[in-house]
Amino acid sequence: MKKPASLRAAIEAAVPELATDKDRLLAFIDNGSIVCTGVESRAFEWRYTMNLIITDYAGDPNRLWLALLDWVRVNQSPLLTGPSLQEQIRFEVDILADDKVDLDIKIPLTENVVVAADDQGNDAPAAVDEPLPTWMT
């Protein structure tokens, strides 16, 4: 799985205080499944919910959401363009004080894996690379 690390990096780039205090940005994978259509190709897809928990957040929530949505635009665009998927990014907020919250963000993600033969003819499953948002390069 490549998307969890990529999403974490995007958020840390946009909100540097989470990069310096990594214990405040927790990541979990929930409700995972593997989907394979059984066609001739042996490719398959990971489907899971990325659960991000950000603790003691006192920053601008719009900066955080912008980073997350920019990442989604590149890496999971159907969540923004598919009418039946547009409300699938969910969150809960625990208000700790007037200026501090805990956030629990849930994002449904998919990752495709292709299977090809390596130089020795062995199976070489590989996750399809996702492009980085231009603001991260």
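The values are calculated or read from the model by the stated rules, or taken from the named source; none is laboratory data. Because the structure is a prediction, the values reported are computed rather than measured. As a convention, Cβ positions derive from the backbone with ideal geometry for all residues, glycine included, and neighbour counts pool all protein chains shown. With ligands, DNA and RNA removed, areas are computed over all heavy atoms of the protein, side chains included. Shrake-Rupley method; radii C 1.70, N 1.55, O 1.52, S 1.80 Å.
Of all the residues in segment 30-55, those that are closer than 22 Å to LEU85 by Cβ and either of a type in the set (D, E, K, R) or open to solvent by 70 Å² or more (accessible area, probe 1.4 Å) (or both) number 8. Going residue by residue through segment 10-21, is there one that turns out to be in contact with a strand residue (DSSP E or B) (Cβ under 6 Å, 6 or more places away or on another chain), open to solvent by less than 80 Å² (accessible area, probe 1.4 Å) and not in a loop (DSSP other than H, G, I, E, B)? Scanning segment 10-21 turns up at least one residue that is in contact with a strand residue (DSSP E or B) (Cβ under 6 Å, 6 or more places away or on another chain), open to solvent by less than 80 Å² (accessible area, probe 1.4 Å) and not in a loop (DSSP other than H, G, I, E, B). Taking every residue in segment 56-69 that is charged (D, E, K, R) and pairing it with any residue that is at pLDDT below 95 and in a helix (DSSP H, G or I), at least 6 positions away or on another chain, the pairs with Cβ-Cβ distances below 7 Å are ARG63/ALA14. So if I check each of ILE107, ILE89, ILE95, which one is touching a residue at least 40 places away in the same chain (Cβ under 8 Å) and in contact with a strand residue (DSSP E or B) (Cβ under 6 Å, 6 or more places away or on another chain)? One residue alone meets the criteria, ILE107. Being in contact (Cβ under 8 Å) with a residue 24 or more places away in the chain and not small (Gly, Ala, Ser) is a property that PRO83 lacks. Restricting segment 76-107 to residues that are open to solvent by less than 60 Å² (accessible area, probe 1.4 Å) and among the acidic types (Asp, Glu), the residue that is farthest from VAL128 (Cα to Cα) is ASP102.
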